[in-house]
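These notes are about the structure you will find just below.
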Amino acid sequence: MQTRYLLALHYRRYLLRKLEQKGVVNFVLMILLFVLAIVLALLVFLLLSKLIIILLPAIFAAFLVYVFTKSGFWSLVTFLVVALLVSLLKVFVWI
C-alpha cells in the first residue's frame, strides 16, 4: 500500500517537472493572472466606473511585465506602481 502511494507521488512530481520544463505551468499561471485582472477590473467597474481609467493601464502593464519576465511578483509591483501613478496623474492633471 505504501509503495503504491510513493510511486504515485513520484509520478506526480515527475509530471509536474515535465510540465514546468515545457512552460505549461507558467502559461497556466499567466492565464490565471490575466483572468484575475479582468475579474478585478470588472468588479471595480461595477462598483465605481471612474476607477476603470486607473486600472486598465495598470492591468495592461502588469500583463506585459509578466509576459516578458515570467515573474508574478514584478507583475504585481508593476500593477501597483502604474495604478498609483495614473491615480496621481488623474488627481493633479485632470481636475
- Over the stretch 47-77, the set of residues among the small types (Gly, Ala, Ser), at pLDDT 75 or above and either under 21 Å from Val91 (Cα atoms) or touching a Cys at 6+ places or on another chain (Cβ under 7 Å) (or both) is Ala58, Ala61
- Query: Can you name the condition, by its number, that Val82 falls short on among (1) modelled with pLDDT of 80 or more; (2) in contact with a Phe, Trp or Tyr (Cβ under 7 Å, 6 or more places away or on another chain)?
  - Reply: (2)
- Identity of the residue in the stretch 11-46, at pLDDT below 70 and surrounded by 10 or more Cβ atoms within 10 Å (Cβ to Cβ), that ends up nearest to the chain's Cα centre (by Cα): Val25
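Residue by residue through the stretch 68-80, note down the ones that are surrounded by 14 or more Cβ atoms within 10 Å (Cβ to Cβ) and within 13 Å of Leu56 (Cα to Cα).
Result: Thr78, Phe79.
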- Task: Kindly establish whether Leu64 is within 17 Å of Ala41 (Cα to Cα) and of a type outside the set (Gly, Ala, Ser).
- Result: yes
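The values are calculated or read from the model by the stated rules, or taken from the named source; none is laboratory data. No experiment lies behind these values; they were computed from the predicted model shown. Here the Cβ is made from the backbone with ideal geometry for all residues, glycine too, and neighbour counts use every protein chain on show.
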